[in-house]
Amino acid sequence: MRLGVIGVGGRGTGMLSNFLAIPHVQVNAICDSVKEHATHAQEMVEKSGSKRPETYTNGEHDYENLCKRDDLDFIYIATPWDWHAPMAMAAMKGGAHAGLEVPAVNTVEECQQIVDTSEKTRRHCMIMENCCYGYSELLVLNMVRAGMFGRTPSRRGRL
Ligand SMILES: NC(=O)c1ccc[n+]([C@@H]2O[C@H](COP(=O)([O-])OP(=O)(O)OC[C@H]3O[C@@H](n4cnc5c(N)ncnc54)[C@H](O)[C@@H]3O)[C@@H](O)[C@H]2O)c1
């Protein structure tokens, strides 16, 4: 899995460390408008034993150049909210699947634009809502599916 990461502040750096712990993940490119943040992340990748990733630090729109690379399967985005939708769309248009930090977007219009872009490009856009996949959440989900809390009320009955 070849990754690009946009936004390596608090959350992005933490997630980068998680990505680096997964076998067969290769971080090829990192973008942050603050050069020191990108350099720090670049060093993290190198220290993990991987090849030095290329950095994109030339202003707020340099992510567009990262998204044009042809060696990225997935682009993870952990920037401030206003950037989420344009970055996810650029990622998908460039051919990668996108992973967006929460909240994914600010408006319903942005949601629709992301859906349209995903359908057009046939790329996924996933909201990285960690609470859906945490230990406790998956535990309870499996308990519900195993019927430990009784039957789920019929949706049709409620309507
Ligand atoms: N899922 C979670 O549990 C969780 C936890 C914390 C934060 N978040 C989300 O993660 C995102 C980032 O939060 P954070 O706390 O890491 O913020 P942060 O300010 O620490 O990091 C944001 C980074 O994005 C960079 N950035 C800003 N604009 C950019 C641009 N145009 N191009 C490239 N880089 C740019 C900043 O320089 C910074 O390094 C937010 O959407 C936040 O809601 C999610």
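Numbers below:
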| read-out | value |
| --- | --- |
| Within segment 59-159, helices (runs of 4 or more DSSP H) holding 1 or more residues that are at pLDDT 95 or above, surrounded by 10 or more Cβ atoms within 10 Å (Cβ to Cβ) and touching a Leu at 6+ places or on another chain (Cβ under 8 Å) | 63-67, 81-93 |
| Unmet requirement for Gly4, which otherwise passes all of (1) assigned to a helix (DSSP H, G or I); (2) within 14 Å of the ligand (Cβ to nearest atom) | (1) |
| Residue list for segment 23-58, filter: free of Cβ contacts under 8 Å to residues at least 12 places away in the same chain and either outside any helix (DSSP H, G or I) or in contact with a helix residue (DSSP H, G or I) (Cβ under 8 Å, 6 or more places away or on another chain) (or both) | Pro23, Gly49, Arg52, Asn58 |
| Exclusive hit being more than 21 Å from Asn130 (Cβ to Cβ) and within 14 Å of the ligand (Cβ to nearest atom), set Lys47, Lys35 | Lys35 |
| Members of segment 26-44 found to be of a type in the set (A, V, I, L, M), under 19 Å from Cys67 (Cα atoms) and either surrounded by 17 or more Cβ atoms within 10 Å (Cβ to Cβ) or not assigned by TED's automatic domain parsing to the domain that holds Glu101 (or both), listed by number | Val27, Ala29, Ile30, Ala38, Ala41 |
| Segment 78-97: number of residues that are of a type in the set (A, V, I, L, M, F, W, C), within 8 Å of the ligand (Cβ to nearest atom) and touching a residue at least 60 places away in the same chain (Cβ under 8 Å) | 3 |
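The values are calculated or read from the model by the stated rules, or taken from the named source; none is laboratory data. Here the structure is a predicted model, which is why all the values come from computation and not from measurement. Positions of Cβ are generated from backbone atoms using ideal geometry, with glycine treated the same way; all protein chains shown enter the neighbour counts.
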